[in-house]
Amino acid sequence: MKTKIIVCLFLLCCTACENKSIYSVVDLFNKTEDLASQTFEIAGFRENILNPADMEIINNKLVLLDVQASVPFSIIDLEKQKYVKSFGMKGEGPGEIVGVMDFYVNCDGTGINFWDAMLKRLYSCNKDSMLLYNNKCGINIFEKVKNKKLFNNFFLNIIQLNESLYLGLGSSGNKRFSLINIKTNKVSFTGEYPKELSTKIDPVVSTIAYNGTIRYNKEKNRIVFISRKSEMIELFDVKDSSLELIYGNYSTTPISEQKTKDNDRGRNIGIAVSDNYIFILCQPRAKVANIQEDKRRVPSANDVLVFNWDGKPVIHYKLDKKVTSVSVTKDSKRLYALINNEEPQIIYYDLTF
């Protein structure tokens, strides 16, 4: 009898531990490692790049986006450690953009895609074309789409998943995403809001609050979503007409029934993905009240959380410098980071798992 009681108590303790809510996403990680940065000189970097906000690696090229510049994109050759060129032009003409807030490596890994929400253009620019373009940003994929009414809603971002399937963020009825199939001419609304979201909140407010960043893993046919206004992280499997949630962290969410101050929510700042891992640059909840932005009001942090594509926490990296953006090599062996101070700087960290 005594043995049975002990076993029951043990099981109750285990269940309590499993169901225990976490205060911050960093509490999920059992392993933390401090990383020391390494610097390298990039010829022509300071003379040509002023205020980069984000970056992506394509082969040995680092592409940077400056949302404020009249020529928004710049290319760095990582092997030769030199600035190559800038390309793109602000405007409403062919191949021009009004505003781009995010860009990503396309589903084939051959170049970059980026969505201009104001002009409703989804641009594609492969790694060879970007070396040739000057004033042109890329090719508008939608020029070849017959039924352009499929994209009439206002989307904060659009991700191309394959030749016929697109994922839109925002303006999806009472859902969060739209799966748009240009082959079948069908739009499917999908993606639930977290249960604690108040039903009294205006849908427009919800859409803006739950804006975030999406990245896609073609091999796994899976997306990761991070909120920009909280620690919320989600992984979805892509189905024919829906997204299936396989993992979610809701230590904090953008909107909830609870009266939580904005500076108590924590927030995700940026994301980088490789074939096997997801790297999230974040300001954890416990620290966000002490975080200061630089003179340009660019959020920065030195916590990088690594998950695998099944949502398993792998390691919590503590960087020795506060950075504004990260990008990782395809083999996950090197993490590049952007410091956006008065003089922007690229540093890197060698990784071991």
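We did not get these values from a lab; they are worked out from the coordinates using the rules stated. Note that the structure is predicted; figures quoted are calculated from it, not measured. All Cβ positions, even for glycine, are placed from backbone atoms using ideal geometry, and neighbour counts span all protein chains on display.
Observations on the structure shown:
- Paramagnetic reach from residue 330 (point 7 Å along Cα→Cβ, amide N under 17 Å) across segment 33-75: 56-63
- Taking Cα centre as origin and charging only the Cβ of basic (Lys, Arg, +1) and acidic (Asp, Glu, -1) residues, the dipole magnitude of the chain rounds to 720 debye.
- Among 299, 94, 313, the largest mean-square fluctuation in a Gaussian network model of the chain (Cα springs under 10 Å) belongs to 94.
- For the chain, adding -39500 (n - 2.57) for each run of n ≥ 4 DSSP H residues and dividing by the number of residues yields -2500 deg cm²/dmol at 222 nm.
- P(r) histogram, all alpha-carbon pairs of segment 25-350 included - 20 Å bins from 0, percent: 32, 61, 7
- 18 Å Cα-Cα threshold exceeded, pairs from 183/239; 149/186; 31/229; 80/322; 31/330; 85/127: 31/229; 80/322; 31/330
- Sites excluded, GluC sites (Glu not before Pro) in DSSP loops with at most 15 other C-beta within 10 Å, longest stretch of the chain: 93-162
- Two-site label geometry, residue 183 and residue 220: point separation in nm, points 7 Å out along Cα→Cβ: 2.4
- Note on residue 195: aspartates and glutamates with a C-alpha under 18 Å away, same-chain residues under 8 apart excluded, are 231, 234, 244, 257.
- Neighbour-count order for 137, 107, fewest beta carbons within 10 angstrom listed first: 107, 137
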